[in-house]
Amino acid sequence: MKKAAVVLGLLVLAAGLMVTRTSAPSAAAPTPVPPPADALLINAAGATFPYPIYSKWFDAYHKMHPDIQINYQSIGSGGGIQQLHAGTVDFGASDMPLKDEMLSQLNLHVFQFPTVLGAVMPTYNIPGVNAELNFTPQALAGIYLGKITKWNDPEITKPNPGVSFPGNDIVVVHRSDGSGTTFVWTDYLSKVSPEWKSRVGSNTSVNWPVGLGGKGNEGVAGIVKQTPDSIGYVELIYALQNHLPYGRVQNSSGKFIKASLTTVTAAAAGAAAQMQKDVRVSITDAPGANAFPICSFTYLLIPTNIPDARKDKAIKDFLHWMMTDGQNMVEALNYARLPKPVVAIEEKSLSQVQ
C-alpha cells in the first residue's frame, strides 16, 4: 500500500512538472500584436475562381495597411450576389458579369470591376492514363450531356492517338453551388453545342443532365482527385495545386490549346475595344489561333454609393492598388494581367464611386 502511494505521488509530481513546463511561455515565441483600436473590417464574398489571388491581395494589403482588414468568403458567385443583395457584405465577387435584368433585381447600383483573367479547363483522373489529353468541343459537350459515357468513345480516342483508354464509365463532376466557374463552362458549351444551348443553357446554376456535384472549385478538384474515371472543370490554379492533369481544348481555329498566361491573354486580345462601351464581355470560344477557348474576366461588384466614409475610401484605395501594383502578383498564381486599356476604363469608373 505504501509502495502504491509513493508511485502515485511520483506520478502526480511528474504531471505537475509537465503542466508547469508546457504552460510556461517560450522565450522564442513572438508577442502577438493586437490590431489597431480603430481597425476597419470590410466584408466581401463570392467567386471561388479568383480566390487564390484575392486571398493573396487582401493579405498583402493588410500588411501594408494594418488598420484595414478585408474578410473574403469564397462561397461561389451566386452566394456573393445573394449576400450583396441582402446587404450582409460590403462588396461581392462574380465571374459572371451581371446583365441588366439581374442588376434590376438588386436593391442597389453597382460598378463591375474586372480584376484578372483566368481559364477553366477539363481535369480528369483516368487510371493508367498520364498523358495530357486533347478534347474537342463535341467531346466535352457530349460528356456533360450524358451522350458520351465511356472513356474509349471515338470522340475521345480519335484526337488522342497512341493513348490507351479504358472502356470504363465516365464519372462526370460539376459544381453544386451557384458558380461563376459554371457560368464560364456553360457559356462555352452553349457556344459550341446547339444542343447544349437549347437543353441546358448558360448560368451560374443549371439543371445538369448527369453528374456528381462538388462545392466550389475546391470541391470539384477534390472529387476528381479521389474518384477514378472522373472528369470535372476547375480554374487552372486548382488543378495545379491538386496535382491534377488537365487537357488541351480545341479552339475556334481548330488547334488544341493548353491553358497558360499566353493563351489566356490571347483570348482577351479583342475584348478591350468592346469594353470601352461595356466591361461585361464574354471571351469564351474567342477567335485567334493561340486563344484558349474557355477563359473569362472575373469581377468585383462594388456599390456605387458606400455610405461609410472610411469604407468608401478604403475600398477605392484598394481597387486602385489592385489595378496597379496588385497586378504584379497575378502571374505567380497563373492568372493573366488586366490589359492596360481595361485598367484605364476602370480608373474612370472608380472616380464615379461615391
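Quick note: the coordinates plus some simple rules give every number you see, no bench work behind them. All values derive from a computational prediction rather than experimental measurement. FYI the Cβ positions are ideal-geometry reconstructions off the backbone, even for glycines, and counts take in every protein chain you see.
Structure summary
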{"quantity": "Segment 130-207: equivalent-ellipsoid semi-axes (sqrt of 5 x gyration tensor eigenvalues, Cα, Å)", "calculated": "24, 13, 11"}
{"quantity": "Antiparallel DSSP beta bridges within segment 124-275, percent to nearest 5", "calculated": "40"}
{"quantity": "DSSP beta bridge pairing in the chain, given as percent antiparallel to the nearest 5", "calculated": "60"}
{"quantity": "Sequence-distant aspartates and glutamates (8 or more away, or on other chains) whose Cα lies within less than 16 Å of residue 150", "calculated": "169, 229"}
{"quantity": "Dipole in debye (nearest 20) - the chain, about Cα centre, beta carbon charges: Lys, Arg +1; Asp, Glu -1", "calculated": "680"}
{"quantity": "Förster radius 45 Å - calculated FRET efficiency between residue 325 and residue 130 (Cβ-Cβ, nearest 0.05)", "calculated": "0.70"}
{"quantity": "Estimated distance in nm for a label pair at residue 354 and residue 138, the labels positioned 7 Å out from Cα along Cα-to-Cβ", "calculated": "5.6"}
{"quantity": "0 to 90° range, to nearest 10: angle between helix 180-192 axis and the chain longest Cα axis", "calculated": "10"}
{"quantity": "Lys, Arg +1 and Asp, Glu -1 on Cβ, resulting dipole of segment 267-354 about Cα centre, debye, nearest 20", "calculated": "160"}
{"quantity": "Per residue, the convex hull volume that the Cα atoms of the chain enclose (Å³)", "calculated": "213"}
{"quantity": "Nearest 10 degrees, 0 to 90: helix 51-64 Cα axis against the chain principal axis", "calculated": "50"}
{"quantity": "Whole-Å distance, taken between Cα centres, linking segment 64-85 and segment 120-192", "calculated": "32"}
{"quantity": "Filter on 191/255; 215/340; 147/258; 215/313 - keep pairs with C-alpha separation over 22 Å", "calculated": "215/340; 147/258; 215/313"}
{"quantity": "Dipole axis of the chain (+1 Lys, Arg; -1 Asp, Glu on Cβ), positive-most option in 240, 190, 74", "calculated": "240"}
{"quantity": "Separation of alpha-carbon centers, segment 222-280 and segment 194-215, rounded to whole Å", "calculated": "18"}
{"quantity": "Charge-dipole axis of the chain as Lys and Arg at +1 and Asp and Glu at -1 on Cβ define it, positive-most pick from 252, 176, 201", "calculated": "176"}
{"quantity": "Estimated Rh, segment 199-273: Kirkwood, alpha-carbon pairs, angstrom", "calculated": "14.6"}
{"quantity": "Residue 261-residue 64 FRET efficiency (beta carbon distance; Förster radius 22 Å; 0.05 resolution)", "calculated": "0.30"}
{"quantity": "Amide H partners (placed H, <5 Å) of residue 171, local residues excluded", "calculated": "230, 231"}
{"quantity": "Against the rule of thumb 2.2 N^0.38 Å, how large the Cα Rg of segment 57-126 comes out", "calculated": "1.37"}
{"quantity": "Helix 77-86 axis, angle to the chain major axis (alpha carbon atoms, nearest 10°)", "calculated": "70"}
{"quantity": "Summed side-chain charge close to residue 87 - residues other than residue 87 whose Cβ falls under 14 Å, Lys, Arg +1, Asp, Glu -1", "calculated": "-1"}
{"quantity": "Computed label-point distance, nm, for sites residue 43 and residue 108 using a 7 Å Cα→Cβ extension", "calculated": "1.2"}
{"quantity": "Relative packing of 256-268, 299-311, 75-87, which averages over residues the other C-beta atoms within 10 Å, highest first", "calculated": "75-87, 256-268, 299-311"}
{"quantity": "For segment 124-275, alpha-carbon Rg relative to the globular expectation (2.2 N^0.38 Å, N residues)", "calculated": "1.01"}
{"quantity": "Mean residue ellipticity (222 nm) of the chain, computed from DSSP H runs ≥ 4 via -39,500 (n - 2.57), nearest 500", "calculated": "-11500 deg cm²/dmol"}
{"quantity": "Unit charges on C-beta of K, R, D, E only; dipole of segment 124-275, Debye", "calculated": "220"}
{"quantity": "Relative contact order of segment 62-181, defined on C-alpha pairs under 8 angstrom at six or more residues apart (%)", "calculated": "28"}
{"quantity": "Positive minus negative residues near residue 304 (Lys, Arg vs Asp, Glu; Cβ under 12 Å)", "calculated": "0"}
